[in-house]
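Just so you know, all these numbers are worked out from the coordinates, no wet-lab data involved. The structure presented is a predicted model; accordingly, all values stated were derived computationally and were not measured. Cβ sites come from the backbone with ideal geometry, for glycine too, and all protein chains shown count toward neighbours.
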Amino acid sequence: MYLSCAKILLLEVRNFPRYFESPTYHLARSYAHLLLKIIEEGIEAGEFRDDIPPRDIMQIILGGMEHLLLPGIIFGKKVNTDSRTESLYDIILNGIAKPKG
């Protein structure tokens, strides 16, 4: 059931202009706002870089989540969300460059 809902939301509903007035959209915005706040707090605490706009980081995280899960949703395949989360976490916090040395 959740897979069907996610598929409908990702592929169909967001193309409908009235979606942006819906409770689902407002819920998604509240999660995005929470993520933005966490990023801003991480910057203030010196845990995250301060030379990248927080909104850019938020968009990269949300876009990364969507793109990591979308193939499974589209093709109805089981997705290991734990491993996808770990991959995204590692890429965002550690980058993709090989450590020097």
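Odds and ends about this structure:
- Of the options [x] 16.7, 60; [y] 16.2, 55; [z] 15.8, 53, only one is Rg and Dmax of the Cα atoms in Å as computed from these coordinates, and that is [z].
- Secondary-structure-derived ellipticity at 222 nm for the chain, considering helices only, amounts to -22500 deg cm²/dmol, per-run term -39500 (n - 2.57) for DSSP H runs with n ≥ 4.
- With the simple spin-label model, which puts each label point 7 Å out from Cα in the Cβ direction, the Glu86 to Lys37 separation comes to 3.0 nm.
- Sites count as exposed loop sites when they are trypsin sites (Lys or Arg not before Pro), lie in a DSSP loop, and have at most 10 other Cβ atoms within 10 angstrom; the longest stretch of the chain without one is 1-48.
- With neighbours defined as other Cβ atoms within 10 Å of a residue's Cβ, the residues Leu34, Leu69 order from fewest to most as Leu34, Leu69.
- Within the shell defined by Cβ-Cβ distances under 14 Å, the residues around Leu88 carry a net charge of -3, with Lys and Arg each +1 and Asp and Glu each -1.
- Cβ-defined net charge surrounding Asp51, 15 Å radius [Lys, Arg +1; Asp, Glu -1]: -3
- Placing unit charges on the Cβ atoms only, positive for Lys and Arg and negative for Asp and Glu, gives the chain a dipole magnitude near 500 debye about its Cα centre.
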